[in-house]
1. Are there any pairs, at least 6 apart or on different chains, whose C-beta atoms fall under 9 Å, with the first in segment 157-183 and closer than 24 Å to LEU78 by Cβ and touching a residue at least 12 places away in the same chain (Cβ under 8 Å) and the second assigned to a helix (DSSP H, G or I) and of a type in the set (D, E, K, R), and if so, which?
2. Please pick out the residue among SER236, SER179 that is crowded, with 16+ Cβ neighbours inside 10 Å and either modelled with pLDDT under 85 or within 21 Å of ARG43 (Cβ to Cβ) (or both).
3. Please tell me if PHE218 is surrounded by fewer than 19 Cβ atoms within 10 Å (Cβ to Cβ), closer than 30 Å to ILE9 by Cβ and within 20 Å of the chain's Cα centre (by Cα).
4. What are the residues in segment 85-109 that are farther than 29 Å from VAL139 by Cα and not aliphatic (A, V, I, L, M), if any?
5. What are the residue pairs meeting all of these: first residue in segment 243-265, first residue without any contact (Cβ under 8 Å) to a residue 40 or more places away in the chain, second residue among the aromatic types (Phe, Trp, Tyr), Cβ atoms under 6 Å, and 6 or more apart or on different chains?
6. Which one of these is in contact with a helix residue (DSSP H, G or I) (Cβ under 8 Å, 6 or more places away or on another chain) and polar (S, T, N, Q): SER214, SER232, SER264, SER236?
7. Hey, among the residues in segment 137-156 that are in contact (Cβ under 8 Å) with a residue 24 or more places away in the chain and surrounded by fewer than 15 Cβ atoms within 10 Å (Cβ to Cβ), which one's farthest from the chain's Cα centre (by Cα)?
8. Please give the strands (runs of 3 or more DSSP E) falling wholly within segment 19-131 in which 1 or more residues are at pLDDT 90 or above and closer than 25 Å to ALA268 by Cβ.
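The values are calculated or read from the model by the stated rules, or taken from the named source; none is laboratory data. Here the structure is a predicted model, which means the values were calculated and not measured. Cβ: placed from backbone, ideal geometry, glycine included. Neighbour counts: every protein chain shown.
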Amino acid sequence: MFMSAWANIAFNKPINQMPSFCRFLHTSRIVLPSNSPDPIFNRIFTPLSLQPPPNPLISFAAPVNRIYYISAADIAGLQEVADHSHSKFVCFTAYFWKILARSACLGEKSCSMGVVVNGRSFMKNVHGDNFMKNYFGNVLSMPFGNLQLESLLGMEFAEVAEEVEKWLSPAATENHFLSLLDWVEAHRPEPILAKIYLGDSKEYDNPISCVVSSGRGFPEIDFGWGKAAFGSYHCSKVGKVGYLMPIPQQNTGDWVVYAQVAPSIVAAMEEEPTIFRQLTTEYFCR
């Protein structure tokens, strides 16, 4: 919304999508007691005060930034391997979970894969489609799965895709986000942290972890010198947890993928055979 408004202002045009900063979205349905147990959200999130202090003896390799593209044919190929019973996004997440396991270093005993779920489409039934399109702010949940490395490496691709569905599907509902509002309300004013970002968690045997965002296309932007051929996102997260943002390309069906991950993960992503191809200017000149 900000980029689109900026482009309109550059042409002296009215803003075509006025943002809403109304915060009644954050009002829960009920007020729960602070000790009310909820196994789903207690597993996904944690109050900041319960976060263990960082271990000074653990050092992380500095993450690197890469931008790849994945052809529409390769994405369809992942679905075909999974018998077309899962979405493209689920198949991509399963594929990368296997890559993540292959890149594990000494001392990492399990592998955690998280997904950023955008709740706007689920909350529109409560607040209206138009409000959710204009709402300025995050409406997110972050479910994740964890598997022992040996188990994950031994699983067939279709089995991994099924595992992703198990922990992702429950978070892709209206009730999940309404319940999340209740859970956050029960812990106010305590800040909340997604557990997937606890990269050195002893709870999951010091896992190697990554988060995949639920792909969002980049808007068509023109500041006066022509429409941008390409737009990407950047994540400022640091530490052990990697981050991937798939960006669907409307014209081709390809995906552009922004990645901020450890060098060992980059090596596993680029190891042949791979669907990750480095994005160059030649890609846009085809």
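1. Correct list of pairs: PHE157/LYS98; VAL160/LYS98.
2. Result of the check over SER236, SER179: SER179.
3. Working: surrounded by fewer than 19 Cβ atoms within 10 Å (Cβ to Cβ): yes; closer than 30 Å to ILE9 by Cβ: yes; within 20 Å of the chain's Cα centre (by Cα): yes.
Against the criterion (surrounded by fewer than 19 Cβ atoms within 10 Å (Cβ to Cβ), closer than 30 Å to ILE9 by Cβ and within 20 Å of the chain's Cα centre (by Cα)), PHE218 qualifies.
4. The answer is ARG102, SER103, CYS105, GLY107, GLU108, LYS109.
5. If the second residue must be among the aromatic types (Phe, Trp, Tyr), the pairs left are MET245/TYR233; MET245/TYR258; ILE247/PHE218; PRO248/TRP255.
6. After applying the criteria, what remains is SER214.
7. LEU153
8. Numbers: elements: 45-47, 64-70, 110-118.
Strands (runs of 3 or more DSSP E) meeting the threshold: 64-70, 110-118.
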